[in-house]
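Since every read-out is calculated from the coordinates, none of them should be taken as a lab result. Since we're looking at a predicted model, the values are computed, not measured.
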Amino acid sequence: MVSVSGISSVSAQEPQTRTLKEQELVDMLVGSCIQSTRGCNPEESIKKVKEALNQGKQFKIISTDNFPDDWMVVAVQGIGGGGAWEHVIERTRRQNLPIITEAEANSRVADLLSEHMGKEIKA
């Protein structure tokens, strides 16, 4: 199940951002695993972040104080954890239902909310 949380209307101007350093990103990933009720292993996520950084990608953070008043901001969150139950996976295969990635699901959730609200999601 996927939900949308952290929705807030936030000017047309670009807000001030700060580019996160590698150690800050690693700390966030480790910290989120510590806080997680089921626990997790952040190694795969850390590997992906380091690969993205090596490709020249940047991760930026925006203070909530700097969000323009007319922006809509969405954070897509997963509820539950541990992946799908085996019987759900098997039923999906038997019924030849389409399977989408988590990234595709998150994008669809954001797009549907934007369409429903009639407002562009800025962050």
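Couple of notes before you dig in:
- Listed residue pairs exceeding 22 Å between alpha carbons, taken from Lys21/Lys48; Lys50/Lys122; Lys21/Lys57; Lys48/Lys119; Lys47/Lys122: Lys50/Lys122; Lys48/Lys119; Lys47/Lys122
- Three-way shape call for the range 17-62 based on the alpha-carbon gyration tensor, with the a/c threshold at 1.5: oblate
- Per-residue ³J(HN,Hα) for the range 98-107, Karplus 6.51 cos²θ - 1.76 cosθ + 1.60, θ = phi - 60°, Hz, x for Gly and Pro: x, 10, 10, 6, 4, 4, 5, 4, 4, 5
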